[in-house]
Amino acid sequence: MSATATATEEKEKVVLPSQAINEVFREAMLSYEKALKSGVQLQEESVNIWKDLLAKLGSPDEFQTKLEALNSNVFPAARRRLEEFVETFNRTSNQTLDLFEKSLGIYRATSITDAQGRIQDLLEASLTTLRVNVHTVLTTNAKIMTSWKEMVDRFGPAMR
């Protein structure tokens with residue numbers, strides 16, 4: 001290939017800054033357009049959901065009665081569940097830190113026997129933590145299912 005042919009190819013490969021800016025702007029506009037269309041679609045679906053829900057709620061008096069029942073029963077239960085979640089989160093965070101500390105403690109072992117003891121302690125603590133966490137998840141799931149069942153039993157017939 002000749003030197004002039006190579007130079008010509010190099011010029012063709014070079015993208016002018018204004019072309020690059022135009023391309024970026026065009027892609028940004030396309031992304032904005034997609035986001036706008038998605039937003040409109042989300043709003044339309046939300047309106048349809050609310051329309052269906054309001055159609056199933058019945059009269060304003062029935063709706064007010066259901067809201068008062070929700071306010072007195074469901075919201076306090078949700079608050080208790082949230083408080084339980086925070087307690088569980090704090091407990092598991094502390095357990096994780098404890099296990100991490102025990103993991104690092106293995107490197108501070110002064111003998112093979114000491115290291116074996118630390119590893120055994122870490123494994124026992126890990127299994128205990130696993131057992132407690134699995135039990136917590138099962139208990140929490142049972143409470144969630146019970147709460148949902150109670151809510152459906154209480155408010156479900158009028159909404160079906």
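The values are calculated or read from the model by the stated rules, or taken from the named source; none is laboratory data. Treat the numbers as computed from the prediction; the structure is a model and nothing was measured. Here Cβ is always computed from backbone atoms with ideal geometry, including for glycine, and neighbour counts include all displayed protein chains.
Observations, loosely collected:
- Inter-residue pairs, beta-carbon under 9 Å, first free of Cβ contacts under 8 Å to residues at least 40 places away in the same chain and surrounded by fewer than 13 Cβ atoms within 10 Å (Cβ to Cβ) and in the stretch 56-72, second of a type in the set (Ser, Thr, Tyr) and assigned to a helix (DSSP H, G or I), 6+ apart: none
- 3 or more residues of a type in the set (A, V, I, L, M, F, W, C) and either modelled with pLDDT of 85 or more or in contact with a Gly (Cβ under 8 Å, 6 or more places away or on another chain) (or both): qualifying helices (runs of 4 or more DSSP H) within the stretch 41-160: 75-105, 112-159
- The numbered conditions (1) in the same structural domain as Arg154 (by TED's automatic domain parsing); (2) within 27 Å of the chain's Cα centre (by Cα); (3) hydroxyl-bearing (Ser, Thr, Tyr) are all true for Ser46 except (1).
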